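Take a look at the structure set out below.
The values are calculated or read from the model by the stated rules, or taken from the named source; none is laboratory data. Worth saying up front: this structure is predicted, and the values here are computed from it rather than measured. So basically every Cβ, Gly included, is an ideal-geometry build from the backbone, and we count neighbours across all protein chains shown.
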Amino acid sequence: MKKNKKLSAFLGEDTEVEGKLKFHGTLRIDGRFKGEITAIGSLVIGEGGVIEADIHATNVLSSGEIRGAVSADEVIEILEPGKVFGNIEAPNVVIHPGVIFEGNCWTHAPKKRVEEEQVVVIRDAKAEKKMITEQ
């Protein structure tokens, strides 16, 4: 996981949040979260973090506890003393020694990135020919 990502938001260890969380950038959670997390960016879960949620992010780095399915577009990395109780899926999965993992793990080829904005050029040969002849 890229280490030079700037932290966009932080939920401290005395924080408890429940619901749907969507964000762009990098978020670190050291508190408790219950619900659903969707991110275009990186989710970092500290040692004190306890997550009861299905997670989908570009990257997930955790040394806390996760209860739920985790999927990432690039990397899932679980550090000691991390715990994961649920299925994980990503092109790259790193599980360090000392981690507790109960679930299934799938790896696959990286998905092709889809640009957020795409330009589509539609050519109309008749209209182009008419424009040329009118000039």
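Looking at the structure I just gave you, is Gly35 part of a strand (DSSP E or B), exposed (fewer than 14 other Cβ atoms within 10 Å of the Cβ) and small (Gly, Ala, Ser)?
Details: part of a strand (DSSP E or B): yes; exposed (fewer than 14 other Cβ atoms within 10 Å of the Cβ): no; small (Gly, Ala, Ser): yes.
When the stated conditions are applied, Gly35 does not pass them.
Within the range 18-56, the set of residues being farther than 15 Å from Ala69 by Cα and basic (Lys, Arg) comprises Lys22, Arg28, Arg32. Could we say that Lys6 is out of contact with any His (no Cβ under 7 Å at 6 or more places or on another chain) and under 20 Å from Asn87 (Cα atoms) here? Against the criterion (out of contact with any His (no Cβ under 7 Å at 6 or more places or on another chain) and under 20 Å from Asn87 (Cα atoms)), Lys6 does not qualify. Is it the case, given these coordinates, that Val75 is within 18 Å of Leu7 (Cβ to Cβ) and in contact (Cβ under 8 Å) with a residue 40 or more places away in the chain? Criteria met by Val75.
Residues of the range 57-72 that are assigned to a strand (DSSP E or B) and either of a type in the set (Gly, Ala, Ser) or surrounded by fewer than 19 Cβ atoms within 10 Å (Cβ to Cβ) (or both): Ala57, Ser62, Arg67, Ser71, Ala72. For Ile66, the requirement of being modelled with pLDDT of 95 or more, within 12 Å of the chain's Cα centre (by Cα) and under 22 Å from Leu7 (Cβ atoms) is not met.
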